[in-house]
Structure formats: structure tokens, C-alpha cells
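The values are calculated or read from the model by the stated rules, or taken from the named source; none is laboratory data. The model shown is predicted, which means the values in this text are computed figures rather than measured ones. Here Cβ is always computed from backbone atoms with ideal geometry, including for glycine, and neighbour counts include all displayed protein chains.
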Amino acid sequence: MKKIALAAVFAGAATTAFAGSYAKDDVVMEPVVIVEETKEASSSAGILIPLLLIAIIAAAAAD
């Protein structure tokens, strides 16, 4: 009787030890690509400085 109980314990331990080990690992995590949008310079900022320079030169030339 003890041998049967011991065999059942070993069979149960072996079953839980190999649980899920025969399945193929289909779960593959793809790398996550994080794209951070860069802040673009405003087109009005590119034209503002030259317009200010022209206005200053025109004001200086008018005197």
C-alpha cells in the first residue's frame, strides 16, 4: 500500500513538473517602436527675424 501511495506521489510530482513544457512557445513579443514627434519650427518664426531687421534698417534709413 505504501508503494502504491509513493508511486502516486511521484507520478503527481512528475506531471506537475512537466506541465506545459511540451507546448511550442508561439508567444513572441514584437519590439515596440516608439516614435516621438519632434516639434517643428514655425514658418512664421523663420520670416519674423528678417522682417524685423528690414524694419529696423528702414527706420534707421528714414532718419
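Would you mind finding the one in Pro50, Pro31 that is in a helix (DSSP H, G or I), surrounded by fewer than 10 Cβ atoms within 10 Å (Cβ to Cβ) and at pLDDT 75 or above?
Exactly one residue qualifies, and that residue is Pro50.
Of the residues Ala8, Ala41, which single one is surrounded by 10 or more Cβ atoms within 10 Å (Cβ to Cβ) and at pLDDT below 85?
Being surrounded by 10 or more Cβ atoms within 10 Å (Cβ to Cβ) and at pLDDT below 85 holds for just one of Ala8, Ala41, which is Ala8.
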